[in-house]
Each structure stands twice: as structure tokens, then as C-alpha cells.
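Chemist: Input: one structure, supplied below.
The values are calculated or read from the model by the stated rules, or taken from the named source; none is laboratory data. Please read these numbers as outputs of a predicted model, since none were measured by experiment. Reconstructed Cβ throughout: ideal geometry from the backbone, glycine too, with neighbour counts over all protein chains shown.
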Amino acid sequence: MKALDSEAAPARPGRTATSGVPGARAVTYTLLSVGLLVMSAPFVWMGLSAFKTQADLGASPPVWIPTTWTLDNFRELLSLMDVGQAFLNSAAVAVLVTLCNLLFCSMLGYALAKLNFSGKRVVFGVVLGALMVPGNLMLLPKFVMMSKMELLDTYAALILPFAAGAFGVFLMRQFMSAIPDELLEAARIDGAREWYIFWRIVLPLVKPALATLTIFTFLGSWNNFLWPLVATNDPDKYTLPVALATFATDPTKSDGSNGVLMAGAFLVVLPVIAVFIALQRHFTQGIATTGLK
């Protein structure tokens, strides 16, 4: 009887097929830890190399931890390159592009998810089609458009082509589709207009999607290299990746100093890490529920 009762007893909630296998969790954690070390090793090496002396950078075998911590690489970078201007350019472009995407993508996503209008399916089909087009394929049309509008070598050329994206529209549409229609209808019965519903009811309910879109957009804009390189020839408007690449290819400035280049790369990565840490909770929730309805 005890054997039959034990067989008929339901499985405890939360237990997985591998949780009862001895050592399975330890193996899983070990594999994940190894993967984390492999993926993070280049970033750790870059961050430590930014504080190394030339002797440590040229040591054989390689030295991971600096024997002497120094800020000389950062001082040399600041003296040879206008880091402040490039940093401000990157920050301004990335922030404005992110804000534009949050506004425009959420507006179009709300329209596709909760409003009925002629051509709605066609618009959504165009959005899905745009997701399938490689970004580099649009480089020439964007350049021609900015040239016709006489916006090359301006900040507008760095912002306008990326003010809204198909991925952001699709993401917001999927999240907003999960909001009950009855909630919006109740607000309309109470006399609320669409803008009030969108701003005061819908947006607070899709904060995970907004956080996810913020990280993806900011990361893509901050690390964008090819378009700023093509759209600007004025060094005063170079973003940080372009300014650093120009500095690295100029032998009169970089002089093959790997420490200086590592310091520049460290400055490029630092804001992205800060944004991700600040929004990681919402980001994880947003990725986990993307596409659910």
C-alpha cells in the first residue's frame, strides 16, 4: 500500500526532471560558470589592460592582474584625443535615439495592438517585412536620403534614420496585445481619450517592454560605428567608437600603444554596462514574456 501511495503521489511543484539526479545541479552550474568565464574573459582582459603598464602589456607569458596599477593610459588618451567631445556626441545621439524609439514605437505598437483602422494588417506586414531586411542593406538609401535633405555632417543625420525601428514596434505591439480590451473599454466609457489611455494606463503596464527596448536601442546606438563613419566627416561630430577607431589608425597619435586603446575601449563599454545593470530586472522580465499573449 505504501508503494502504491508513493507512486500515486503527485510530483512536488517546482521540481524538474534533473533535480532528483545526484550532482545534476552542480554539473549545470559548472557548465554555466565555464560559459560565463569564456564570454567575459575578453571584457575582463580589456578592463585590466587599461590599468596596466607597458611592461605588463608586453609580458610573456601574459599577465592578467597588473603588477602596478596605473592611470597613465587614461591620461595619455585624454591628452591625445578629444574624449569629452566624442563622449558627449555618443551620449546625446544614444539618448535621443532611445527616447524617440520609446515614443514612436510605443505609439505605433499601441495602434497596431488596440486600435482598428484601415490597412492595419498591411502596416503590420510591413513591420514584419522590415525585420527581415539586414540593416547594412539600408545604408545606401539612408545616405542618399540624408544627402538629398542636406543633413550630412549634422547630428540630425545620426538621429533621424534610427528614430524608430521595426523591432521596437513589434516588441511593443506584442506586449500591448496582452492588455485586456475590457480595461481600455472601461476607461473609454468613463470618458478617457485615447491619449490619456495610452499615457496613463497602457504605458505603466508595459514597463518591462520599455526597459527592454531602452537597453537594445541604447546599446545599438552607442555601439553604432558604420553609419556615423559614413554620415559624418567632421571630427567635432564623431561619436566615441568612430573617434576611437580614427585614433587607433593614426600612427602619429596611438603609436601602437595597446594600453591607450584598451583604456578607450573601456570607456566605450562602461556606459552600456551601467545601463544594463540599472535595467536588468525589467530586461529579464521583458525578454521572458516577449511574444506571449
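Chemist: Wholly within region 55-159, which helices (runs of 4 or more DSSP H) include no fewer than the required count, namely at least 1 residues that are under 30 Å from Val260 (Cα atoms) and not β-branched (Val, Ile, Thr)?
Modeler: Ranges flagged: 72-80, 83-114, 155-159.
Chemist: Just checking, which of Thr217, Thr232, Thr246, Thr212 is buried (at least 16 other Cβ atoms within 10 Å of the Cβ) and at pLDDT 90 or above?
Modeler: On inspection, the qualifying residue turns out to be Thr217.
Chemist: Are there any pairs with C-beta distances below 6 angstrom linking a residue in region 148-166 that is free of Cβ contacts under 8 Å to residues at least 40 places away in the same chain and at negative phi to a residue that is among the small types (Gly, Ala, Ser) and surrounded by fewer than 17 Cβ atoms within 10 Å (Cβ to Cβ), with the two at least 6 apart or on different chains, and if so which?
Modeler: Ala166/Ala130
Chemist: Okay, moving on. Residues that are part of a helix (DSSP H, G or I) and of a type in the set (Gly, Ala, Ser): does region 27-39 have at least one? Spell out how you get there, then give the answer.
Modeler: Initial filter on region 27-39 (part of a helix (DSSP H, G or I)): 27-39.
In the following step, the residues that additionally are of a type in the set (Gly, Ala, Ser) were identified as 33, 35.
Scanning region 27-39 turns up at least one residue that is part of a helix (DSSP H, G or I) and of a type in the set (Gly, Ala, Ser).
Chemist: Within the group Leu112, Leu32, Leu36, which residue is assigned by TED's automatic domain parsing to the domain that holds Arg188 and out of contact with any Asp or Glu (no Cβ under 7 Å at 6 or more places or on another chain)?
Modeler: Of Leu112, Leu32, Leu36, the one residue that is assigned by TED's automatic domain parsing to the domain that holds Arg188 and out of contact with any Asp or Glu (no Cβ under 7 Å at 6 or more places or on another chain) is Leu112.
Chemist: With in a helix (DSSP H, G or I) and touching a residue at least 12 places away in the same chain (Cβ under 8 Å) as the only criterion, which of Ala278, Ala263, Ala186, Ala274 stands out? Write out each step before concluding.
Modeler: Working: Ala278 fails: touching a residue at least 12 places away in the same chain (Cβ under 8 Å); Ala186 fails: touching a residue at least 12 places away in the same chain (Cβ under 8 Å); Ala274 fails: touching a residue at least 12 places away in the same chain (Cβ under 8 Å).
Just one listed residue meets the conditions, Ala263.
Chemist: Taking only pairs six or more apart or across chains, which ones have beta-carbon atoms under 7 Å, a first residue in region 122-142 that is not assigned by TED's automatic domain parsing to the domain that holds Gly109 and modelled with pLDDT of 85 or more, and a second residue that is part of a helix (DSSP H, G or I) and not aromatic (Phe, Trp, Tyr)?
Modeler: none
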